[in-house]
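Below is one structure, written out as structure tokens; comments come after it.
The values are calculated or read from the model by the stated rules, or taken from the named source; none is laboratory data. The model shown is predicted, which means the values in this text are computed figures rather than measured ones. Counting neighbours? That spans all protein chains shown, and the Cβs are built from the backbone with ideal geometry, glycine included.
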Amino acid sequence: MYSLLAHNTFGIDVNANSFLEYTSVEELKEFIANGIITYPFLHIGSGSNLLFTGNYEGLILHSQIHGINIIEETEHDILVRVGAGEIWDDFVMWCIEHGYYGAENLSLIPGEVGASAVQNIGAYGVEVKDLIDSVETVSIQGEKHIYPVAECGYTYRNSIFKLPENKSLFVTHVCFRLSKIESYTLDYGTIRQKLEQHSQPSLKVLRDIIVDIRKSKLPDPKVIGNAGSFFMNPIVTKAKLTTLLQTYPQMPYYDLGNGNVKIPAGWMIEQCGWKGRALGPAAVHDKQALVLVNRGGATGRDIVALSDAIRASVRTTFGIEIYPEVNII
Ligand code: EPU
């Protein structure tokens, strides 16, 4: 038995039958060839987007492939190949220290580089797909494959790597294209307003602004168990929005430009009165209603019970179905 307590940021105390890490593509292929990887297995990053609802009766796999290497450089940009086991925010820091533009709005997102490409992490107007050039994988048959970004099927918090038939593909490296030319994404929320307090933008200034916004809203998983946004923001048609605005004229929304809009689930959850409320040891964060927290000793089932209650409220009040962003195991 292997404890997964240190491998999920929700702080759920469950076990797996066994746990295995590999440090290179060669070692992973050796494990596969020698039959060391047995079914069922689950490949995890740092467990910042996972909720275990019970013990995992199988093998947990984790990449320890490291390395940040520039493989191509022009006047305008660089192509950098990063090991799936690198901590995402360490990579963001590397970009900022070396003067490469693009990743700064994704500062402080928990998790690892491999998972960032599976989940298409995003924040403050940037999604990681905007930076990805290609994703390198090894299959359970031991075959390497490189997916150019156009073949990764990226949509909001989703990719082909989340499909059930791809659960036995291991992401080993991700290649990112970053700009050497100064440019920023400033249109989300209060970024521009906060920038006015600085004489001019820089990568470091942008990072500091993002870190401040995140720290003011999102709980630190080292202090209180959580997995960031628990739900995805639902996408509805403009027709549905028009009807909703008649009853809720204050409802915020983001126009996707294709006849659909995204509605902040956090706003709806707050309207339903859930912000800061608890159901046993599982609670809704008091500064951002999209985040569920473990107040101590919660089981995965406690969190799911709270999630179900919230989903029912949002369905009854707004006629909208919201879905977890977190992977429930
Ligand atoms: N809002 C409320 N009450 C709340 C939360 C939000 O009224 O309790 C309103 C805000 O006032 C604002 C809108 O909802 O008008 C959007 O809020 P916010 O900027 O905090 O972003 P979000 O839509 O709730 C998403 C991502 C976050 C990301 C932020 C910033 C998802 C599921 N979540 O949250 O990502 O950091 O935008 O870009 O898309 C994550 O995925 O784990 C995550 C933290």
- Task: Check region 14-24 and report whether any residue there is farther than 17 Å from Ala84 by Cβ, in contact with a Leu (Cβ under 8 Å, 6 or more places away or on another chain), at pLDDT 95 or above and assigned to a loop (DSSP other than H, G, I, E, B).
- Result: yes
- Note on the structure: Checked region 156-171 for anything without any contact (Cβ under 8 Å) to a residue 60 or more places away in the chain and aromatic (Phe, Trp, Tyr); matches are Phe161
- Message: Looking at Ser63, Ser46, Ser3, can you tell me which residue is over 21 Å from Val128 (Cβ atoms) and among the hydroxyl-bearing types (Ser, Thr, Tyr)?
- Response: Ser3
- Item | Residue within region 97-114 that is under 28 Å from Ala33 (Cβ atoms), among the β-branched types (Val, Ile, Thr) and in contact with an Asp or Glu (Cβ under 8 Å, 6 or more places away or on another chain) present | yes
- Residue that is surrounded by the fewest Cβ atoms within 10 Å (Cβ to Cβ), among those in region 29-62 that are hydrophobic (A, V, I, L, M, F, W, C) and more than 24 Å from the chain's Cα centre (by Cα): Ala33
- Mind listing whichever residues of region 209-224 are part of a loop (DSSP other than H, G, I, E, B) and within 16 Å of the chain's Cα centre (by Cα)? Leu218, Pro219, Asp220, Pro221
- When region 147-198 is checked residue by residue, the ones that are surrounded by fewer than 14 Cβ atoms within 10 Å (Cβ to Cβ), in contact with a strand residue (DSSP E or B) (Cβ under 9 Å, 6 or more places away or on another chain) and of a type in the set (Gly, Ala, Ser) are Ser183
- Just wondering, is there one or more residues in region 224-232 that are away from the ligand (no atom under 12 Å from the Cβ) and either closer than 30 Å to His7 by Cα or aromatic (Phe, Trp, Tyr) (or both)? yes
- Message: Go through region 95-133 and report how many residues are in contact with a strand residue (DSSP E or B) (Cβ under 9 Å, 6 or more places away or on another chain) and either closer than 21 Å to Ser48 by Cα or buried (at least 19 other Cβ atoms within 10 Å of the Cβ) (or both).
- Response: 27
- Message: For region 86-119, which positions are among the charged types (D, E, K, R), more than 16 Å from Ile191 (Cβ to Cβ) and touching a Phe, Trp or Tyr at 6+ places or on another chain (Cβ under 9 Å)?
- Response: Glu86, Glu112
- Message: Given the criteria under 15 Å from Gly300 (Cβ atoms), small (Gly, Ala, Ser) and not in a strand (DSSP E or B), does Gly35 qualify?
- Response: no
- Query: Cβ-Cβ below 8 Å, separation at least six or inter-chain, first residue in region 188-213 and of a type in the set (Lys, Arg), second within 14 Å of the ligand (Cβ to nearest atom): which pairs?
  - Reply: Arg192/Leu186; Lys194/Ile209; Lys194/Asp212; Lys194/Ile213; Arg207/Val92; Arg207/Glu104; Arg207/Ser107
- Message: Residues to consider are Ser134, Ser116; find the one that is part of a strand (DSSP E or B) and of a type in the set (S, T, N, Q).
- Response: Ser134
- Would you check which residues across region 305-329 are of a type in the set (Ser, Thr, Tyr) and not in a loop (DSSP other than H, G, I, E, B) and list them? Ser307, Ser313, Thr316, Thr317
- Message: I'd like to check something: does region 240-250 contain any residue that is part of a strand (DSSP E or B) and not small (Gly, Ala, Ser)?
- Response: no
- Residues that are more than 9 Å from the ligand (Cβ to nearest atom), among the β-branched types (Val, Ile, Thr) and not in a loop (DSSP other than H, G, I, E, B), drawn from region 278-304: Val293, Ile303, Val304
- Just one of Val138, Val82 is touching a Leu at 6+ places or on another chain (Cβ under 7 Å) and aliphatic (A, V, I, L, M); which is it? Val138
- Within region 244-267, is even one residue among the acidic types (Asp, Glu) and either within 10 Å of the ligand (Cβ to nearest atom) or in contact (Cβ under 8 Å) with a residue 60 or more places away in the chain (or both)? no
- Test Cys152 against the stated conditions and say whether it is within 24 Å of Leu42 (Cβ to Cβ), more than 16 Å from the ligand (Cβ to nearest atom) and among the hydrophobic types (A, V, I, L, M, F, W, C). yes
- Query: In region 106-126, how many are of a type in the set (Phe, Trp, Tyr) and in contact with a Pro (Cβ under 7 Å, 6 or more places away or on another chain)?
  - Reply: 0
